[in-house]
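**Q** Have a look at the structure that comes next, please.
The values are calculated or read from the model by the stated rules, or taken from the named source; none is laboratory data. From a predicted model like this one, the values you see are computed outputs, not experimental measurements. A quick note on method: Cβ atoms are made from the backbone with ideal geometry, for glycine too, and the neighbour counts reach across all protein chains shown. The accessibility values were calculated without ligands, DNA or RNA, using every heavy atom of the protein model including side chains. Shrake-Rupley method; radii C 1.70, N 1.55, O 1.52, S 1.80 Å.
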Amino acid sequence: MKGIIYYYSGTGNTKIAVQYIVGKIKNAEFSLFDIVKEGIKEKKDPNILQYDIIGIAVFTDWLGPSQIVKDFIEKLPQGKGKNVFVFNTCGNISRKTLKLLKKWLEIKDYRIIAGFTLKMPDNYPPLNKNKTLIIGENNPSQKEIEEFNKFIQELDIKCAAIKEKRTVPISKIKIGILNSILPVFSRKKSKKAMGNLFVDEAKCIECGICAQACPYNAIKLNPKPKFDDLLCFGCWACYNRCPEKCIYTKKMKECAHYPRPLPELVEKLKI
């Protein structure tokens, strides 16, 4: 049985969690589709309706799903009752990420059969400013790994049911009282909180990694990066991924970068 997981991963945390899911599932053969690299940069057709089960995996980006994810779902074809599971990673709390994914997908006639949130080290630079340790550095805990494994086992059972042409019940997404009462903010608030971006041209090596990392195509190389603040949604991917730490804002400079998953996290999610 064929499955696919469409994922958005800013600095790699969500990607390794998705790879972990794929490595554990036995009753479906999953492909992976990078929403930014393949969908936006390479303009590949996700061709979603050819799959028997679909996953949407994202990180909580400034209190909810990224604008990139919302745009991606809105452009999907009508689902015709296709089975979907939703998954998200977060540094501390996920707010209404899973609920919003479920809502947007149901509008497009997809059936949500499972959902799960996994805590990760926080890669949002302002939260880690002036910290000696990354917030949530030890996430996920052993207990959370066990719960994650249980989710994957249950998902695998649902894959087996779909494979046998049995109906899988629609899942009730539970997000907790705190996440339920906290508001969802405008996506532009993340950009406002970040402020304008600048580059230290003396340090820039013109590698182009920032432009490759930007999901909103808000960076042009000339040959140094030039930032289009009207397109930017403040995701911090360029800041985190710059190998020379030459991208900065008025509030953040040469500190709290998270370019890739921590080695300890990679070890925890190793198949």
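**Q** So for the pair GLU137, VAL266, with labels modelled 7 Å out along Cα→Cβ, what separation do we get in nm?
**A** Output for this residue pair reads 1.8 nm.
**Q** Further, regarding this structure: Using the Cα centre of region 108-151 as origin and beta-carbon charges of +1 (Lys, Arg) and -1 (Asp, Glu), tell me which of ASN130, PHE151, SER141 is placed farthest towards the positive end of the dipole.
**A** ASN130
**Q** Continuing with the same structure: If you look at just the Cα atoms of region 1-63, how large are its Rg and its Dmax in Å?
**A** 11.9, 35
**Q** Within the set of other residues whose C-beta is less than 15 Å from the C-beta of ASP228, count the net charge using Lys and Arg as +1 and Asp and Glu as -1.
**A** +4
**Q** At q = 0.09, 0.15 Å⁻¹, what is the base-10 log of I(q)/I(0) for the chain according to the Debye formula with one equal point scatterer per Cα and no solvent? Please give it to two decimals.
**A** Taken in order of the listed q values, log10 I(q)/I(0) reads -0.41, -1.14.
**Q** Continuing with the same structure: Give the carbon-plus-sulfur fraction of the accessible surface of the chain in %, rounded to a whole number; probe 1.4 Å, heavy atoms of protein chains only.
**A** Carbon and sulfur atoms account for 52 percent of the accessible area of the chain.
**Q** Enumerate the helices in the chain for which the Kyte-Doolittle hydropathy averages 0.0 or more and the C-alpha atoms extend at least 15 Å along the helix's axis, using complete DSSP H runs.
**A** 13-24, 97-107
**Q** Probe radius 1.4 Å, ligands and nucleic acids left out: which of ARG260, ARG241, ARG166, ARG111 has the largest accessible area, and how do the rest follow?
**A** ARG260, ARG166, ARG241, ARG111
**Q** If packing is taken as the average count of other Cβ atoms within 10 Å, what order do 154-163, 197-206 fall into, highest mean first?
**A** Peptide ranking by packing, descending: 154-163, 197-206.
**Q** Rounding to the nearest 20 debye, state how big the charge dipole of the chain is about its Cα centre with +1 on each Lys and Arg Cβ and -1 on each Asp and Glu Cβ.
**A** The calculated dipole for the chain is roughly 680 debye.
**Q** Can you work out the PRE-style zone for GLN212? Point 7 Å along Cα to Cβ, and I want the residues of region 229-271 with backbone N under 19 Å.
**A** Hits in region 229-271 for GLN212 at 19 Å: 236-247, 258-262.
**Q** Keeping every protein chain present and rolling a 1.4 Å probe, give me the accessible area per residue for region 68-176 in Å².
**A** Here the per-residue accessible area is 52 Å².
**Q** Quick one: length gained pulling LYS220 to LYS2 fully straight, 0.36 nm per residue minus the C-alpha distance?
**A** Length gained between LYS220 and LYS2: 74.7 nm.
**Q** Out of ASN128, ASN222, ASN196, any idea which swings most in a Gaussian network model of the chain, alpha carbons joined below 10 Å?
**A** ASN222
**Q** With only Lys, Arg, Asp and Glu charged, each at its Cβ (+1 for the first two, -1 for the last two), find how big the charge dipole of region 1-159 is about the Cα centre; round to the nearest 20 debye.
**A** Using Cβ point charges on Lys, Arg, Asp and Glu, region 1-159 gives about 280 debye.
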